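What follows is one structure encoded as C-alpha cells, with my remarks underneath.
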Amino acid sequence: MLSKKKNKHYLFLIFVSVFFISSFLVGCDDLSNKSSISTESSKDNLTSHSDSNMPKNTISAKVTRVVDGDTVKVTLKGKEETVRMILIDTPETKHPRIGVQPFGPEASDFTKKMLTNKNIQLEMDVQERDQYGRLLAYIWLDGTMFNRILIEKGLARVAIFPPNTKYVDEFNSIQDKARQKEIGIWSIENYATDRGYNSNGQAPASSKSPKPPASGCKICCDPEKLEFISSS
C-alpha cells in the first residue's frame with residue numbers, strides 16, 4: 001500500500017516537472033520569435049528612411065567657393081570648374097546693371113552656409129555645358145538635391161531651358177507650394193515671373209539692402225552672375 005502511494009507521488013512529481021519544462025521551452029521559443037520580429041522591423045525602418053532618390057550616375061566634386069545662390073566653384077578631378085545649377089534661378093547679387101535684387105543675398109548666404117567646402121555629387125542632364133563652358137548640374141548634398149531645397153525655401157524660381165528638364169514637373173509642384181505660402185521671393189507681389197525677376201519689386205524690411213560695388217573695381221564676367229574683383 002505504501003509502495004503504491006510512493007509510486008503515485010513520483011508520478012505526480014514527474015508530471016509537474018514535465019509541465020514546467022514544457023512551459024519554459026515554449027516561452028523561450030516565443031521570446032525568440034518576438035526578438036526576430038523586432039529585428040526585422042528595425043531593418044524595415046532603416047530601409048524606409050534611406051534616400052533612394054539620388055541617381056547612381058553622379059560625379060563627385062568639392063565646393064571651393066560660392067559665387068552666388070545658384071553658381072559655385074568646385075574642384076573636379078583636380079581641375080577647377082564653375083557649376084551652374086540647372087532648372088533654377090536665384091535673384092542677382094553682383095550684376096553691374098541690375099545690382100542686388102531682393103532675396104539675392106539670402107539665397108547666396110544660404111548656399112554659402114550649406115555648400116562651402118562640402119563634398120557634393122553632380123548629376124548632369126541632357127546638355128552638360130552652357131555656351132560659357134560652365135557645367136550644368138543638379139547638386140546633391142548628403143543624398144538630398146540642393147536645387148530642390150532652394151525652390152522649397154522660396155530662394156529660387158523654376159527656370160526652364162530645354163533640353164535640361166528632367167525634374168521640371170517636380171520643381172513646378174514644389175514652387176507652387178512655396179508660392180501659396182508666400183515665402184521668400186513669393187512674398188513680393190509680381191516679383192518673380194517665368195521670365196525672371198521684376199526690377200520694380202520692392203524688398204521687404206527683412207531683405208538685405210543692396211550694396212554698391214567698391215570703387216576702383218573691374219568686372220570679370222562669370223556669365224549671368226557677375227563678380228566684382230578688385231583691380232589692386
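The values are calculated or read from the model by the stated rules, or taken from the named source; none is laboratory data. Here the structure is a predicted model, which means the values were calculated and not measured. Glycine gets a Cβ as well: all are built from the backbone with ideal geometry, and neighbour counts include every protein chain shown. When the accessible area is computed, the model is the full protein with side chains, heavy atoms only, and any ligands, DNA or RNA have been set aside. Shrake-Rupley method; radii C 1.70, N 1.55, O 1.52, S 1.80 Å.
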Inset, instruction - Would you please name the residue that is modelled with the highest pLDDT, looking only at residues in segment 35-58 that are open to solvent by less than 60 Å² (accessible area, probe 1.4 Å) and in contact with a strand residue (DSSP E or B) (Cβ under 9 Å, 6 or more places away or on another chain)? - result: T58
Legend entry - In segment 104-157, the residues that are assigned to a loop (DSSP other than H, G, I, E, B) and closer than 19 Å to D194 by Cα: K153, G154, L155, A156
Legend entry - Any chance T90 is open to solvent by less than 10 Å² (accessible area, probe 1.4 Å) and closer than 30 Å to S187 by Cα: yes
Legend entry - Residue that is farthest from E106 (Cα to Cα), among those in segment 158-195 that are among the aliphatic types (A, V, I, L, M) and assigned to a helix (DSSP H, G or I): V168
Legend entry - Hits in segment 131-150 (condition: open to solvent by 30 Å² or more (accessible area, probe 1.4 Å) and either touching a Gly at 6+ places or on another chain (Cβ under 9 Å) or within 17 Å of E80 (Cβ to Cβ) (or both)): Y132, G133
Legend entry - Any pair with Cβ under 6 angstrom, 6 or more apart, that starts in segment 150-174 at a residue that is free of Cβ contacts under 8 Å to residues at least 24 places away in the same chain and farther than 26 Å from K113 by Cβ and ends at one that is part of a helix (DSSP H, G or I) and open to solvent by less than 30 Å² (accessible area, probe 1.4 Å): none
